[in-house]
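The values are calculated or read from the model by the stated rules, or taken from the named source; none is laboratory data. Here the structure is a predicted model, which is why all the values come from computation and not from measurement. Positions of Cβ are generated from backbone atoms using ideal geometry, with glycine treated the same way; all protein chains shown enter the neighbour counts.
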Amino acid sequence: MNHRIISTLQSIEISHSFAMNYNHGVEMHGKWDSFEPTRFVYAFFAFNMIYAIDWKLTLIENRLKYQRTSSENYAKDQFQSLIDFVFDHENLAFENALKFLDQNRELFSVVSTMEEDYNSSRKSNRNTGNSIAQDFLTASKKFSAGIELLASDHFDLLQMSYTVRNNLFHGEKKAHQMKEKGHRNRLLHYGNIILATNESFFEVMKTQYNYRRIENWEVQDNL
């Protein structure tokens with residue numbers, strides 16, 4: 001890999017590490033409280049930068065090649081490309097990363113109680129005939145039951161997380177609502193899906209392409 005590719009990877013991984021390895025909170029009158037939305041947002045910053053690049057073509061040509069698509073669902077087309085890249089190299093990378101973040105496999109038990117996420121009939125972009133919510137619940141239940149996840153399950157988990165991201169960025173939630181326990185748990189687990197996706201990508205780059213993962217001091221220098 002050339003210097004520009006490596007530099008880009010390191011820059012993205014620093015954003016990923018902010019979400020992966022640091023506690024996130026808000027301070028009021030000298031007291032800090034956990035605030036999962038900032039972790040979720042940092043995870044998405046890194047995710048957006050990763051899936052914007054066509055990594056298969058980048059590594060073939062040894063130069064950065066960005067995704068191009070004319071589809072109205074361009075973002076989901078792009079992260080499908082990322083999923084395919086990861087699964088083509090290591091089909092358990094994502095699942096192993098998610099198990100590390102959610103060691104008790106609580107994903108289904110937590111998110112299945114969030115009714116506001118599942119009152120929409122918006123159809124899945126995978127053309128399954130189900131809603132995004134239905135496909136997400138099926139995939140999250142598989143994970144919680146210890147059943148091996150397929151690339152299609154990864155997509156179903158991501159498209160729901162992306163929908164939540166859109167609702168968070170463009171919806172009408174107030175800060176005090178974001179601090180409610182239910183919403184914090186919700187974003188913690190959706191954030192885990194994004195972080196596991198990012199982490200699986202970096203592990204593929206490390207094991208298959210000799211990318212050197214950044215160290216803590218490199219992250220500290222960017223705080």
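Just a few scattered comments:
- If you go through segment 172-200 and pick out every residue that is modelled with pLDDT under 55 and not basic (Lys, Arg), you end up with 5.
- Hits in segment 41-77 (condition: modelled with pLDDT of 90 or more and of a type in the set (S, T, N, Q)): Asn48, Thr58, Asn62
- Count of residues meeting criterion [surrounded by fewer than 13 Cβ atoms within 10 Å (Cβ to Cβ) and modelled with pLDDT under 65] in segment 103-120: 4
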